[in-house]
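Some notes on the structure that comes next.
Derivation of every value follows stated rules applied to the coordinates shown; laboratory data play no part. The shown structure was predicted, so the numbers you read here are calculated from the model rather than taken from an experiment. Note: ideal-geometry Cβ built from the backbone for every residue, glycine included; neighbour counts use all protein chains shown.
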Amino acid sequence: MSTVYLCGFMGCGKSHVGRQLAAAMERKFVDLDRVIVEGEGMTIPEIFDKFGEPHFRALEARYIRELSDGYVVATGGGALINDETAACARKSGLTVYINASFDTCYERIKDDANRPLVVNNTPEKLRELYNTRAEIYRRNSECMVNGNARDTVIVGEIAKLAAFYKKNGYIRKTE
């Protein structure tokens with residue numbers, strides 16, 4: 001059973017949808033940010049402050065490589081912007097881009113002090129980051145779903161995509 005990796009901008013619904021998808025697919029749910037916080041014994045802002053963003057991205061890559069098969073994983077907003085990390089995810093499962101509008105994402109994240117990129121950037125800079133990452137998410141994902149749809153619709157679409165990819169042999173196993 002292959003892993004389903006959810007990617008997209010901060011606030012697109014990866015964790016929320018991921019929990020519902022895991023229940024629907026009878027799989028375990030993994031919130032990558034939470035796994036990193038527990039594994040490192042530090043909050044994400046503390047990791048950013050102490051070691052910087054490149055170190056945090058390296059942690060994301062390491063933890064993705066260490067995951068076993070059969071999960072639904074909500075990656076962090078920047079996890080799959082690294083081509084090598086994205087390739088690792090694609091080798092072990094299906095990567096799905098939840099494409100929610102910037103306005104939707106921003107409404108969800110604007111007051112979240114646990115997001116260093118939100119705290120340290122203006123809305124305009126975040127929009128630029130959103131636009132830059134959108135193309136990278138498209139490139140590094142096998143599928144894209146409308147993140148502005150209702151949760152049940154998003155979950156249903158991803159579950160159908162996962163079943164299609166598995167049935168047709170598109171999901172690759174780690175070599």
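Taking other C-beta atoms within 10 angstrom as a stand-in for reagent exposure, THR43, THR152, THR3, THR122 fall in the order THR122, THR152, THR43, THR3, fewest first.
Neighbour counts of other Cβ atoms within 10 Å put HIS55, HIS16 in the fewest-to-most order HIS55, HIS16. Each Lys or Arg adds one and each Asp or Glu subtracts one; over the other residues with Cβ under 15 Å from the Cβ of PRO123, this totals -1. Pairs exceeding a 19 Å alpha-carbon distance, out of LYS14/LYS160; LYS14/LYS110; LYS14/LYS166: LYS14/LYS166. Percent of Cα pairs in the chain per distance bin of 10 Å, from zero to the largest separation: 10, 41, 38, 11, 1. Among the trypsin sites (Lys or Arg not before Pro) in segment 67-175, those placed in a DSSP loop whose Cβ has at most 14 other Cβ atoms within 10 Å are LYS110, ARG150, ARG172, LYS173. If you plug the beta carbon distance of PHE51 and ASP103 into 1/(1 + (r/R0)^6) with R0 = 25 Å, you get a FRET efficiency near 0.20. Ranked by how many other Cβ atoms sit within 10 Å of their own Cβ, fewest first, the residues TYR165, TYR5 fall in the order TYR165, TYR5.
Based on Cα contacts under 8 Å between residues 6+ apart, the chain shows a relative contact order of 34 percent.
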